[in-house]
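Undergrad: I'd like to ask you about the structure that follows.
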Amino acid sequence: HCPALGDLDYDQSNQLPVDEIRHDWLAAHITLDGLDVVEIGANMGALSLTLAIEHGCRTLAFEPGAAFSRASALLATICGVQNQMTCIEKAVVLDDLSDLSPADVVVHLNVLHHAGAVYDQDRVTALGGWDAYAVDYLSRLRAVAPVLFFQTGNTSGGTRLFAGEDALDHVAALLAAAGWDVENIGIIEDFTNLAYQTYTPASLAKAPRFRCQRSPGSDMVEYFEHDRLVASLKTGMAQRPLWLCRRQEG
């Protein structure tokens, strides 16, 4: 079905199986049926496809990687949702946000931490650093949709943007400054079964804080709670919280 995807460089064996559990967590906290969804950084379209197939959503999936975008479009056709899912081969940088059509939900998973290294290098510098850029970008997303499903890493291009153990507090402050009210936060605590536990802003102080570092010996990412080693995984993805937010009105 996919003869044109010989150049697709995607090593699934080095990824954590989080696509399904991210969808399940989102679906548990918001009614998705029939919504218009914009996904920025769709990769191979797993979430956009699932939203179209299982919830009848109309999804607009932006992905700058040509092979990934082609894969998403072919999968949409194979799954019979090509009329519900539109795949666009494009990065959505800061100045593009004003051109996006309004939707019900905007999905932005693991893209923002690449700003300044992979895209919008000049804008990050002009705004005075990644934090200021992140607030500006997240603020502009408020015009796209009233609901934001968000996740970000904490390093980009070898530079640490903030400490991993500070992710909950740091990202919560960025979202608040950008005009988003956080409703729920998903955190992986069980690194064997990989399931997100839900916290609210009121209970966030009780949530565990994990620090990650890659072991030079095993090349695995080690997870620490305080100084106690609690897991060793292929990537640091399980450290990144999920954020479900509604835009502040007024």
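The values are calculated or read from the model by the stated rules, or taken from the named source; none is laboratory data. Keep in mind that what you see is a predicted model, and the values were worked out from it rather than measured. Every residue, glycine as well, gets a Cβ built from its backbone with ideal geometry; the counts of neighbours run over all protein chains shown. Each accessible area value is taken on the protein alone, full model and side chains, heavy atoms only, with ligands, DNA and RNA left out. Shrake-Rupley method; radii C 1.70, N 1.55, O 1.52, S 1.80 Å.
Undergrad: Here is a check on your reading of the model: is Tyr196 buried (at least 19 other Cβ atoms within 10 Å of the Cβ), touching a residue at least 12 places away in the same chain (Cβ under 8 Å), touching a Phe, Trp or Tyr at 6+ places or on another chain (Cβ under 9 Å) and over 27 Å from Tyr137 (Cβ atoms)?
TA: So Tyr196 does not fit the description; no.
Undergrad: Pairs please, first residue from region 171-182 and open to solvent by 10 Å² or more (accessible area, probe 1.4 Å) and at pLDDT 95 or above, second anywhere and in a helix (DSSP H, G or I) and of a type in the set (Asp, Glu), Cβ atoms under 8 Å, 6+ apart in sequence or on different chains.
TA: Leu174/Asp131
Undergrad: Out of region 47-72, which residues are at pLDDT 95 or above, of a type in the set (A, V, I, L, M) and in a helix (DSSP H, G or I)?
TA: Passing the criteria: Leu47, Leu49, Leu51, Ala52, Ile53.
Undergrad: Answer yes or no as to whether Val144 is in a strand (DSSP E or B) and open to solvent by less than 20 Å² (accessible area, probe 1.4 Å).
TA: Criteria not met by Val144.
Undergrad: How many residues are within 20 Å of Leu174 (Cα to Cα), out of contact with any Gly (no Cβ under 7 Å at 6 or more places or on another chain) and modelled with pLDDT under 95 when one looks only at region 233-250?
TA: So the answer is 3.
Undergrad: Going through Tyr119, Tyr133, Tyr137 one at a time, which residue ends up being of a type in the set (Phe, Trp, Tyr) and crowded, with 22+ Cβ neighbours inside 10 Å?
TA: Tyr137
Undergrad: Can you name the residue in region 65-81 that is closer than 16 Å to Glu54 by Cα and not polar (S, T, N, Q) and is also most open to solvent (accessible area, probe 1.4 Å) among such residues?
TA: Ile78
Undergrad: If you take the residues in region 88-103 that are over 17 Å from the mean Cα position of the chain (by Cα) and not aliphatic (A, V, I, L, M), which one is least open to solvent (accessible area, probe 1.4 Å)?
TA: It comes out as Asp96.
Undergrad: Out of the residues in region 147-172 meeting the condition of being among the aliphatic types (A, V, I, L, M) and part of a strand (DSSP E or B), tell me which one is nearest to Val107 (Cα to Cα).
TA: So, considering only residues that are among the aliphatic types (A, V, I, L, M) and part of a strand (DSSP E or B), the one nearest to Val107 (Cα to Cα) is Leu148.
Undergrad: How do the pairs read when you match residues in region 85-104 that are on the phi < 0 side of the Ramachandran plot with residues anywhere that are surrounded by 12 or more Cβ atoms within 10 Å (Cβ to Cβ) and acidic (Asp, Glu), using Cβ under 7 Å and keeping only pairs 6 or more apart or on different chains?
TA: Partner pairs satisfying both residue conditions: Cys87/Glu63; Glu89/Glu63; Val93/Asp120; Leu94/Asp120; Leu94/Asp136; Ala103/Asp36; Asp104/Asp36.
Undergrad: Considering only residues that are of a type outside the set (Ser, Thr, Tyr) and assigned to a loop (DSSP other than H, G, I, E, B), which ones fall in region 188-203?
TA: Phe191, Asn193, Leu194
Undergrad: Filter region 203-232 down to residues that are open to solvent by less than 30 Å² (accessible area, probe 1.4 Å), farther than 22 Å from His170 by Cα and in contact with a Phe, Trp or Tyr (Cβ under 6 Å, 6 or more places away or on another chain), then give me how many there are.
TA: Residues in region 203-232 being open to solvent by less than 30 Å² (accessible area, probe 1.4 Å), farther than 22 Å from His170 by Cα and in contact with a Phe, Trp or Tyr (Cβ under 6 Å, 6 or more places away or on another chain): 1 in total.
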